[in-house]
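Contents: one structure, followed by commentary.
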Amino acid sequence: MLRICSVLVLLCLPVFVQADVRGPVIVIDADTLDVAGTRVRLHAIDAPELDQTCETEFGTTFDCGAWVTAQVRARFEGRQAHCAARDTDRYGRMVAACVVDGVDMGRDIVSAGWAFAYRRYGMDYDLDEKAAFVADRGLHGLRVQSPAWFRKTRAKGRIPPNPACRIKGNISDNGRIFHVPGQAYYEQTGIVEARGEQWFCSADEAHAAGWRAARR
C-alpha cells in the first residue's frame, strides 16, 4: 500500500495498488480469467461475449462467444500464469497482461483470431490482429459485431436474449407494433420489458399477443 500526502492539508490518503498474481488459470470467457482467486481482465484485448452470436459467410448464425471461450479454455485452462497488473476496471477486476510458459496470453488469443485488439486501451496487439485478419483466422472468417458495440446495444434492449426470437414488440404512441429484422426501425428499437414490451419468435406469435406489424 502506498500513501499520498498533501503538504497543504497534511493528510495522507491510502492508495491500493493490486499486486501481480500467479496461479492456475480458470477461464471465464475469452478475455476474462480467475487466477489465484483474482478475477483478471486481459489487457488490451476484447472478445465476443459468451452469449454473442456471429454469422458465417452463408448467413448461418454461429455461437461465436461460446466458441472462442472454448478455444481459450482448451489452450490455457489449468496452466500456471503470471499476471502483471496494469489497472483496475470499473467492475473491480484486475486488468493485467498474463504470461503462460513465456507466451503472452493476449497476443496468443488475438493472433489466433479469438479476440480483437482493444486499441482504446493499448496498441499492444494491433499488428497481431492485422495478421490474423489477413489470414482469415478465427473470428475474421465470420461476420461479427464489435464486442463493445454488442454490449452497448444489449444494454439498451436491442439484442435479443434468445437469438431464435428476434422480433421486437414495441409499445409507442401508435400502439403495440412489432418490428422484424431488416425493417427501417428495427435496429434502433429497444425493448424495455418492464414497460410490457416483448420479444417474439414469430409474426404469428406477435399477432396473437395483440401486436400489429410495422408498416416499414
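The values are calculated or read from the model by the stated rules, or taken from the named source; none is laboratory data. Quantities reported herein were computed from a predicted structural model and do not represent experimental measurements. No Cβ is skipped: glycine too gets one built from the backbone with ideal geometry, and neighbour counts run over all protein chains shown. Remember, those area values only see protein heavy atoms, side chains included, never the ligands or the DNA or RNA. Shrake-Rupley method; radii C 1.70, N 1.55, O 1.52, S 1.80 Å.
May I ask you to verify whether T56 is loosely packed, with under 14 Cβ neighbours inside 10 Å, within 17 Å of H140 (Cβ to Cβ) and modelled with pLDDT under 95?
When the stated conditions are applied, T56 passes them.
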For the stretch 186-201, enumerate the residues that are farther than 22 Å from T61 by Cα, open to solvent by 60 Å² or more (accessible area, probe 1.4 Å), of a type outside the set (A, V, I, L, M) and assigned to a loop (DSSP other than H, G, I, E, B).
none
Could you tell me which of the residues F76, F150 is at pLDDT below 95, hydrophobic (A, V, I, L, M, F, W, C) and open to solvent by less than 20 Å² (accessible area, probe 1.4 Å)?
F150
Take P163 and tell me if it is open to solvent by 50 Å² or more (accessible area, probe 1.4 Å) and in contact with a Ser or Thr (Cβ under 6 Å, 6 or more places away or on another chain).
yes
Members of the stretch 202-216 that are open to solvent by 70 Å² or more (accessible area, probe 1.4 Å), modelled with pLDDT of 95 or more and either assigned to a loop (DSSP other than H, G, I, E, B) or among the acidic types (D, E) (or both)
D204, E205
Boolean, L139 is surrounded by 21 or more Cβ atoms within 10 Å (Cβ to Cβ) and out of contact with any Ser or Thr (no Cβ under 8 Å at 6 or more places or on another chain)
yes
How many of the residues making up the stretch 59-73 are open to solvent by 10 Å² or more (accessible area, probe 1.4 Å), in contact with a strand residue (DSSP E or B) (Cβ under 7 Å, 6 or more places away or on another chain) and modelled with pLDDT of 95 or more?
1
For the stretch 166-179, how many residues are of a type in the set (G, A, S) and open to solvent by 30 Å² or more (accessible area, probe 1.4 Å)?
1
Residue check, A70 over 14 Å from L139 (Cβ atoms) and out of contact with any helix residue (DSSP H, G or I) (no Cβ under 9 Å at 6 or more places or on another chain):
no
Restricting attention to helices (runs of 4 or more DSSP H) lying wholly within the stretch 105-180, give those where 2 or more residues are farther than 30 Å from E193 by Cα.
105-111, 126-134
Taking the stretch 39-53, which residues are more than 15 Å from V21 (Cα to Cα), open to solvent by less than 50 Å² (accessible area, probe 1.4 Å) and part of a loop (DSSP other than H, G, I, E, B)?
A44, A47, P48, E49, Q52, T53
Free of Cβ contacts under 8 Å to residues at least 24 places away in the same chain and closer than 21 Å to A81 by Cα: which single residue out of D136, D108, D101, D124 fits that description?
D101
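Going through A84, A66 one at a time, which residue ends up being assigned to a strand (DSSP E or B) and either within 18 Å of the chain's Cα centre (by Cα) or in contact (Cβ under 8 Å) with a residue 60 or more places away in the chain (or both)? Break it down stepwise before answering.
Values: A66 fails: assigned to a strand (DSSP E or B).
Residue meeting the stated conditions: A84.
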